[in-house]
Number of protein chains: 2
Amino acid sequence: MSQAELIAEVLRDHGPQSVVTDPRDIEPWLSDWRGRWHGAASAILQPANTAEAASIVAKAAAHRVALVAQGGNTSMVGGATPPADGSALILSLRRMNRIDAIDPVALRCTAEAGVILESLHAAVAEHGLRFPLTLGAKGSATIGGLVSTNAGGTQVLRFGTMRALVDGIAAVLPDGSIHDGLSKLKKDNRGPSIDQLLIGAEGTLGIITQVRLKLVPAVAARAVAWLGLSSPQAAIDVLRALEAGTDRIEGFELLPRESLDAAIAQINGVRPPLATPHPWHVLVEATVDRGTDETPESLLGRLLAPMVDRGLVGDAAISANEAQAQAFWRIRDSLSEAERKAFGAATQHDISVPVEAMPAFLEQATRTLEQAFPGVQASGFGHLGDGNIHFHVRAGSRGGPGWLEREGEAVSRLVHDLVVEAGGSISAEHGIGQMKRGELARLHPGRVRTLRALKAGLDPEGIMNPGKLI
Amino acid sequence: MSQAELIAEVLRDHGPQSVVTDPRDIEPWLSDWRGRWHGAASAILQPANTAEAASIVAKAAAHRVALVAQGGNTSMVGGATPPADGSALILSLRRMNRIDAIDPVALRCTAEAGVILESLHAAVAEHGLRFPLTLGAKGSATIGGLVSTNAGGTQVLRFGTMRALVDGIAAVLPDGSIHDGLSKLKKDNRGPSIDQLLIGAEGTLGIITQVRLKLVPAVAARAVAWLGLSSPQAAIDVLRALEAGTDRIEGFELLPRESLDAAIAQINGVRPPLATPHPWHVLVEATVDRGTDETPESLLGRLLAPMVDRGLVGDAAISANEAQAQAFWRIRDSLSEAERKAFGAATQHDISVPVEAMPAFLEQATRTLEQAFPGVQASGFGHLGDGNIHFHVRAGSRGGPGWLEREGEAVSRLVHDLVVEAGGSISAEHGIGQMKRGELARLHPGRVRTLRALKAGLDPEGIMNPGKLI
C-alpha cells in the first residue's frame, strides 16, 4: 500500500518526530472544530522546515498519496478536514512555528506556516510593532491557514485582508519543488505572481510553509464607541462621516437589537452598553499612534458629537479605558454563542455585497427569506465597513428537531441567489472548503472551470487537499 | 485556411471596423518601437468592447488561431510583437478607450484596456484626482498593457507598481469566456484571485479588457530636489533619513556623474543642476496635499538641511517653481537618449536587488563586468528607492561595429548571473517578453516549469501571445 510506503520513507528520512500514527493522537484532527465534517487519515506527517515539507510532498507525489495541509484546524467551511475514505494523509505545519527577522525599520517579519496568530501578535509587540489582522480564532489559527484562506477579521477596514499584508511566500508545489518568494525585492516582473496564486487557494495548489509579513507600529491607544442607530443606512452614513474626518477607524461592526439582547440575556457579564433601546447598533474602534496629541476617546467624541446633535446617531457611549473597550468587544465576540443559545438552530452565511448596497440587501433578503420560509427569522451582523455580513436565518417558529437538515440547504440556496443578484460573494472571508463547493459550482460554473484548469495544470494528480474548493 | 475563416467570421459578426487587413495599416504594429523585433500578421482584429473581444477569442479558439494582444506597442522586451512566421493575428485593444465611473468618494475609476495612460491622467485630473503611476511612454502605453506587465515607473516608491493600483479586472480567458472581476466587493474569498493571476502575465493567460483602478487626490504642489552625493550608499542613507521625516517622498532616482555629463553635453537645454561636480546624483520628488500648511520646497529644505550640514549630502538644489521641477525631471527622462548619443552601443538591463544591497551590487557588478570584458564601461541609474536600476554596459574602447551582436549576450548573461547571486530579479519592471525568455529558462527552470503548467491548464492550445514569457 503506497500510504504505508510513504509513511515508512518519511520516518526513515525525517525521524519519528515527523510522523504521528497513534489513532488517539490523530483523532482530534479528523473533525473540524464545530464537528460538522469528519474524515479519516492513517497518519499525520509533520515536517520541521520547508526542505522537509518539500521532501515529504515529493515522496507523496511519487506514491500518488494525497495530502491535506493543516494548521490550527479552525476552518469554518471544512477546509482542513481530510476525506472520509482515508485516501489522504494530514500534513501538519504545527512544528514549523518559528518567527524570524522581525525588522522594525523595514516593518517586516518572516513567520513559518505553523505560527499561531496570537503568538505572532505577542512576538512583534516586543519590538513595538503590530501585525494588524485579528479574529476570534487567533489562539489557534495559524499563519499558513490564514494566508491560504485570505483571512479577514475585525480590522480589515484599515489594513485589508491577509492578501494586503503578505510580502512574500515560500511554498511547496504539488511536484515537491519549492517556490521561494521570500526575497526582499520591491519590484520583480518575472511573469505572474505565484505568491498571489497561493493566497486564498485553500491548500489546493501547494502548501505554504513560510510567509514574509507586513507590520505596522504598535498603537499608543485605542478607544471603542458603542452607537445606537435607526437603520443600517444610518450606519453607512456614520461610517462615511467618520472616514471624512480621520483615517484611524479600524473596526466598524454592525449588530441588530435582537443580537445584542441575546448577548445580554445569554452571556455572563454582558451588560447593556446604552441606556435606551435602538433597532441597530454599531461598534467603532479608533486608534492613535505614539506622538499623537489627541486621545482616541477625544477623536471619537469630536467626530461623533455632531452626528448625535443632528440625530444621525441615536445615542453613543465611548469607552473611558481599556477595560470598557474590551467589554464592548466582548459583546461583539460573543454574538455567535449568544445567538446559538437564544435562538437555536440557524443557517449561517458569510457573504459580502458592495458596502453601499448592504442596507437594501439586508432589508430585501430578510423580507424574501421570511416570506419564502414563513416562521424563520433572518438577521445580519458583522463587518459592515467591509460590506461583509454574517447573515443568519434562524429556525424561529418553523423550527423543531431536524429543521437544519430539512430546510438548511434550500435556505442557503435562496440566500446565495440573492447575494449573486446583488453582485456579491457567497464567501466573503471563510473560503469555500467543503461547505460551499456545491454552491460555487452551481452559481459560478465558469469560475470553477477556470480554477479546475489551474488545478489540472499545477496538480495533475490531484494530491493537494482533494475535495475542497472545486 | 483557418486565419481567413476567422477574419471572415469577425467581419461578419462585428463589422468592418473590427478588422484591419491593409498591409500598410498593419505594418507599424509588426515591429516593436525600438525596432528590435519584427513579426508578421495578416490582420489586426479590433473589438469595440469586452463582449466583442470574447466573441473574437472564442472564434480564434475554435479555429486554433493564436492572438497577440496589443495596446500601445511600447514593450521594452518584444512582448507585443507577433511571431515572425505569421502564425498569429494581432488583437488590438485600441478601440476600447472609454473611462467610466470616476468616483471621487470611493477613489476609483474604470478604464478599458486601450485607454492611454496620459488620457487617464487628464480625465481624472478634471475630478481633482490623480492616477499615481507614470512613466516615459505615458503618451502611448495603454492600461491593459500596463497591467499585463505590472508596470512600474517613477512614482513606485510611494504608491507601488500597477499591482497595488488595480482593484478589479475584466478579461477574456483563452476559451473565450469572460472573467468579470470588476465588482466593488471589499472581501471575496471564492478561491484564488484570477485578477492577480492576470497581472504581469504578459497576455499569455488571457486578454485584459477593463480595469477598475485606485485613484488618489490630486496633489496641491510638488517640489524636486537635486542632490550631489559621494556614493550610492550615501543615497540610501539620504532615502532612509527622508523616510524617517515624511511619507511624502514619491520619487528617488539615482544617476552617476557620467550620465549627467552626457545629458548636459547631448541634450538641448539641459544645464548643470549644481555648481560643483559630484560622483553621484539623486533626484528627489516630494508632494503635499491640499490643506497642508508646509510647501513641498520647505519640507525638502527642512529635511535636507541637516544632511548637508553633516556632509551626507554634498550639495542640493531645490526647485523654486514647477518649471524648475520639470527641468530636473527632464534630465532624468533624457538619460537613455543622452547615453545612446554619448556612448553608442550598450547592453541594457532592467534589474532589481534588495534596496540595501544595491550599493554593493553596483560596485561589484561594475568591477566584474569591466574585468571580464576589458574596455567596457558599466553603470547604473534609475529607481534606487525601489532597488531597481537600469544597468548599462557600454562598448567603450572594446566597441566598434557589431560589438552588441558579438558580445551582448555574454555580457547580459554575466550581469544576470550577478543579479541572481545577489537575490535579485532579471526583470524588475519591463517583463520577460521575447528578450529575456531564454535567460528566464536558463536561470529559473523551476519557475518556468510552474508557469508552463499554469499555461497548459488555462491555454492548452497555446493561442495567447505565443512565444512570450515561457
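Put simply, the amide H of A:Ala141, placed in the peptide plane, has neighbours under 5 Å in A:Leu117, leaving out anything fewer than 5 places away on its chain.
Under 8 Å for C-alpha pairs, at least 6 residues apart: give me the relative contact order for chain A, rounded to a whole percent.
15 percent
Modelled this way, with points 7 Å down the Cα-to-C-beta line, the labels at A:Ala220 and A:Ala410 are 5.9 nm from one another.
Mean partner shielding of peptide B:196-204, defined as the number of other chain Cβ atoms within 10 Å of each residue Cβ, is 4. Between the C-alpha center of the stretch A:77-148 and that of the stretch B:203-221 there is a gap of 32 Å. A simple rule links phi to the HN-Hα coupling: the Karplus curve 6.51 cos²θ - 1.76 cosθ + 1.60 with θ = phi - 60°, which for the stretch A:203-210 gives x, 8, 10, x, 10, 5, 10, 8 Hz, with x for Gly and Pro.
Other residues with beta-carbon under 13 Å from the beta-carbon of B:Thr347 carry, at +1 per Lys or Arg and -1 per Asp or Glu, a net charge of +1. Determine the shape class of the stretch A:221-335: with a ≥ b ≥ c the square roots of the Cα gyration tensor eigenvalues, call it rounded for a/c under 1.5, and otherwise prolate if a/b is greater than b/c, oblate otherwise. Oblate is the answer for the stretch A:221-335, as a/c is 1.5 or above yet b/c matches or exceeds a/b. When the charge dipole of chain A is built from unit charges on Cβ atoms (+1 for Lys and Arg, -1 for Asp and Glu) and taken about the Cα centre, the candidate among A:Leu299, A:Gln364, A:Gly39 whose Cα reaches farthest toward its positive end is A:Gly39. Packing-based ranking of B:294-302, A:167-175, B:462-470, B:398-406 yields A:167-175, B:462-470, B:294-302, B:398-406, ordered from highest to lowest mean Cβ neighbour count within 10 Å. Against the empirical 2.2 N^0.38 Å (N residues), the stretch B:122-169 has a Cα radius of gyration ratio of 1.11. Overall form of the stretch B:324-377: oblate. Here a/c, set by the Cα gyration tensor axes a ≥ b ≥ c, is 1.5 or more, and a/b is not larger than b/c.
Once backbone amide H atoms are built at 1.01 Å from N, B:Val376 has B:Arg398 as its partners under 5 Å, excluding neighbours fewer than 5 places away on the same chain. Distances between placed amide hydrogens fall under 5 Å for A:Glu250 paired with A:Glu285, A:Ala286, A:Thr287, all partners being 5 or more residues away or on another chain.
The mean of 1/r over all distinct Cα pairs in the stretch A:2-92, once inverted, gives the Kirkwood hydrodynamic radius of 13.1 Å. Across peptide A:169-181, the mean count of Cβ atoms from other chains lying within 10 Å of each residue's own Cβ comes to 2. Which of rounded, prolate or oblate describes the stretch B:99-217 when judged by the alpha-carbon gyration tensor and an a/c cut-off of 1.5? Prolate, because a/c is 1.5 or more and a/b exceeds b/c. Its relative contact order, with pairs defined as Cα atoms under 8 Å and 6+ residues apart, puts the stretch A:221-335 at 45 percent. Spin-label model, A:Arg98 to A:Asp22: label points 7 Å out along the Cα-to-beta-carbon direction sit 2.7 nm apart. Interface area, chains A and B: about 4300 Å² of buried accessible surface, summed, with a 1.4 Å probe and ligands, DNA and RNA left out. An ellipsoid equivalent to the stretch B:353-447, defined through the eigenvalues of its Cα gyration tensor, has semi-axes of 21, 18, 12 Å when rounded to whole angstrom and sorted largest first. Relative to its Kirkwood radius, the Cα radius of gyration of chain A gives an Rg/Rh of 0.98.
Each residue of the stretch B:379-391 is assigned a 3J(HN,Hα), and the resulting list reads 6, x, 8, x, 7, 4, x, 9, x, 10, 10, 8, 9 Hz, derived from the Karplus form 6.51 cos²θ - 1.76 cosθ + 1.60 (θ = phi - 60°), x at Gly and Pro.
With respect to the axis relating copies A and B by rotation, the chain A residue whose beta carbon is closest, plus that distance in Å, is A:Gly457, 1. The HN-Hα couplings worked out from phi for the stretch B:457-466 by the Karplus form 6.51 cos²θ - 1.76 cosθ + 1.60 (θ = phi - 60°) are x, 7, 9, x, 8, x, 8, 9, 6, x Hz, whole numbers, x standing for Gly and Pro.
Any idea which of A:Gly382, A:Ser397, A:Leu418 is furthest toward the positive side of the dipole for the stretch A:344-429, if Lys and Arg beta-carbons carry +1 and Asp and Glu beta-carbons -1? The residue sitting farthest along the positive end of the dipole is A:Ser397. The alpha carbon centroids of the stretch A:397-458 and the stretch A:314-351 are separated by 26 Å.
About its Cα centre, the stretch B:344-430 has a charge dipole of approximately 320 debye under the convention of +1 per Lys or Arg Cβ and -1 per Asp or Glu Cβ, with nothing else charged. Take each residue of peptide B:440-452, count the partner chain Cβ atoms within 10 Å of its Cβ, and average: the result is 3. Inter-copy label distances at B:Ala323, 7 Å along the Cα→beta-carbon direction, one decimal in nm, shortest first? Distances between equivalent label points, in nm: 6.8.
If you average 1/r over all unlike Cα pairs in the protein assembly as shown and invert the result, what Kirkwood radius do you get in angstrom? Mind dumping the intermediate values first?
Values: mean 1/r = 0.0336 Å⁻¹.
One decimal place: 29.8 Å for the Kirkwood radius.
Per atom type, the stretch A:99-217 shows carbon and sulfur on 50% of its accessible surface, probed at 1.4 Å. Copy-to-copy spacing for A:Asp13, label 7 Å out on the Cα-to-C-beta vector, in nm, shortest first? Between copies, matching label points for A:Asp13 lie 4.9 nm apart. The C-alpha atoms of chain A define a longest principal axis, and helix A:2-14 lies at about 90 degrees to it. About its Cα centre, the stretch A:160-316 has a charge dipole of approximately 340 debye under the convention of +1 per Lys or Arg Cβ and -1 per Asp or Glu Cβ, with nothing else charged. Label points for B:Glu258 are taken 7 Å from Cα along Cα→Cβ. From this copy to the others they lie 7.8 nm apart, shortest first. Between A:Glu421 and B:Ala125, the FRET efficiency estimated from the beta carbon spacing at R0 = 45 angstrom works out to 0.80. Dipole size of the protein assembly as shown about its Cα centre, with +1 on Lys/Arg Cβ and -1 on Asp/Glu Cβ: approximately 800 debye, rounded to the nearest 20. The protection proxy used here, the mean number of other Cβ atoms lying within 10 Å of each residue, ranks peptides A:34-44, B:266-276, A:61-71 as follows, highest first: A:61-71, A:34-44, B:266-276.
Using the average count of surrounding beta-carbon atoms within 10 Å as a protection proxy, the listed peptides B:355-363, A:343-351 rank, highest first, as A:343-351, B:355-363.
The values are calculated or read from the model by the stated rules, or taken from the named source; none is laboratory data. All values reported here derive from a predicted model rather than from experimental measurement. Because the Cβ atoms are built from the backbone with ideal geometry, glycine has one as well, and the counts that use them run over all protein chains shown. Each accessible area value is taken on the protein alone, full model and side chains, heavy atoms only, with ligands, DNA and RNA left out. Shrake-Rupley method; radii C 1.70, N 1.55, O 1.52, S 1.80 Å.
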